[in-house]
Ligand code: NAD
Ligand code: ZN
């Protein structure tokens with residue numbers, strides 16, 4: 001390949017200022033260093049976390065930055081000491097490392113690698129530098145180890161999973177973050193069992209993927225809670241059996257409605273919006289004694305305070321779930337197998353598709369609550 005070992009000039013959608021429309025500009029992508037690979041991105045889907053880091057002005061916000069972290073790409077070239085993948089392999093990059101060597105990666109209990117611990121860092125994880133510069137030679141920052149809104153990007157090999165090239169990229173990219181996060185939150189974090197009752201606050205892609213995970217695990221009652229009434233019809237495609245619009249509950253707290261529907265509280269409740277008020281509501285909606293509240297949504301500003309008296313007397317569990325406890329290199333191929341065997345519904349998550357030039361439209365659609373996932377294609381010929 002002609003580009004190996006050389007910088008590549010290509011197009012990237014750069015976020016220069018918080019909340020301003022992304023500009024497509026020419027950037028320079030350096031060759032991969034030791035344990036890194038350079039990827040040609042095929043497509044990305046837009047996750048709410050991209051929106052969050054596009055909008056916020058305080059650290060860990062940093063500009064200019066290349067966002068995008070739900071993607072599929074092809075390996076263009078390899079840095080030194082990379083044996084796991086080769087040029088031309090189709091891969092899914094992921095925000096969390098799966099080094100497969102550290103105490104955490106070797107344990108079944110965790111996906112929080114301690115060799116390359118997760119940070120909202122603007123740099124490459126191993127040497128703390130950037131692989132992107134703009135036309136003037138100034139540094140552009142990375143986003144959560146992926147930065148896929150660029151025709152080429154550099155990713156650490158601990159953050160890539162090789163996949164079968166027969167899987168449609170617009171479905172595979174969903175497993176790079178959102179669907180793995182939600183599905184894994186039900187399957188691996190909560191460990192939902194057959195016959196369970198589940199309540200999900202927020203039916204975006206993450207909440208719908210929790211529903212899909214709960215359905216596959218055999219939950220029989222799956223209650224979706226969302227302010228957008230359109231989400232119930234969509235939710236049914238992913239196993240949602242009941243719907244609550246908090247605006248229709250009058251003075252009654254949602255937790256009381258859930259307690260009535262489940263004879264005392266749901267077995268598992270998931271916060272998938274990113275509001276601390278809903279963390280309380282999810283905790284309150286769990287059954288005393290064994291209920292588990294799982295925090296998936298990200299609120300960058302607020303704190304949770306629950307009295308120790310309440311914790312002791314309720315016997316409930318409050319836990320967080322990052323990337324659904326998914327270990328990318330083993331669990332993503334398993335989830336793709338479920339998709340290919342038609343056990344896992346990925347198709348209905350993709351509600352919109354746009355060309356790279358129209359990336360700002362994907363932001364509008366997600367903000368307006370019109371899309372579940374909008375796939376952004378780098379090259380129209382792939383569609
Ligand atoms: P989304 O915007 O597609 O969906 C959010 C949903 O919440 C929408 O359907 C909206 O109508 C609903 N909603 C908003 N306010 C509500 C309220 N007060 N009550 C009930 N419903 C309400 O977002 P998404 O892509 O599904 O992401 C959801 C959250 O998950 C975000 O906070 C995102 O940052 C977070 N996230 C976490 C991880 C993780 O690893 N833990 C990974 C990816 C995303
Ligand atoms: Zn590790």
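The values are calculated or read from the model by the stated rules, or taken from the named source; none is laboratory data. Just so we're clear, the structure is a prediction, and the values are computed from it rather than from any experiment. All Cβ positions, even for glycine, are placed from backbone atoms using ideal geometry, and neighbour counts span all protein chains on display.
So which residues in segment 88-104 are over 18 Å from residue 142 (Cβ atoms), touching a residue at least 24 places away in the same chain (Cβ under 8 Å) and more than 13 Å from ligand 2 (Cβ to nearest atom), if there are any at all?
89, 90
Of everything in segment 105-118, what is over 14 Å from residue 322 (Cβ atoms) and either more than 9 Å from ligand 2 (Cβ to nearest atom) or free of Cβ contacts under 8 Å to residues at least 40 places away in the same chain (or both)? Give them in sequence order.
The answer is 106, 107, 108.
Name the single residue, out of those in segment 104-123 being within 22 Å of residue 56 (Cβ to Cβ) and modelled with pLDDT of 95 or more, that is nearest to ligand 1 (Cβ to nearest atom).
Among those that are within 22 Å of residue 56 (Cβ to Cβ) and modelled with pLDDT of 95 or more, it is 118.
Whether any residue in segment 348-363 is under 19 Å from residue 92 (Cα atoms) and out of contact with any helix residue (DSSP H, G or I) (no Cβ under 9 Å at 6 or more places or on another chain) is what I want to check.
no
Out of everything in segment 135-164 that is touching a strand residue (DSSP E or B) at 6+ places or on another chain (Cβ under 9 Å) and assigned to a helix (DSSP H, G or I), what residue ends up being surrounded by the most Cβ atoms within 10 Å (Cβ to Cβ)?
159
Inside segment 215-323, counting only helices (runs of 4 or more DSSP H) that do not spill past its ends, which hold 3 or more residues that are more than 28 Å from residue 347 (Cβ to Cβ) and more than 14 Å from ligand 1 (Cβ to nearest atom)?
254-261, 308-314
Look at residue 129 and say whether it is in a loop (DSSP other than H, G, I, E, B) and more than 16 Å from ligand 2 (Cβ to nearest atom).
yes
Can you name the residue in segment 188-202 that is assigned to a helix (DSSP H, G or I) and in contact with a helix residue (DSSP H, G or I) (Cβ under 7 Å, 6 or more places away or on another chain) and is also nearest to ligand 1 (Cβ to nearest atom) among such residues?
Among them, the one singled out is 189.
Only one residue in 185, 211 is in contact (Cβ under 8 Å) with a residue 40 or more places away in the chain, surrounded by 23 or more Cβ atoms within 10 Å (Cβ to Cβ) and either more than 12 Å from ligand 1 (Cβ to nearest atom) or not in a strand (DSSP E or B) (or both), so which one is that?
185 is the lone residue from the list that is in contact (Cβ under 8 Å) with a residue 40 or more places away in the chain, surrounded by 23 or more Cβ atoms within 10 Å (Cβ to Cβ) and either more than 12 Å from ligand 1 (Cβ to nearest atom) or not in a strand (DSSP E or B) (or both).
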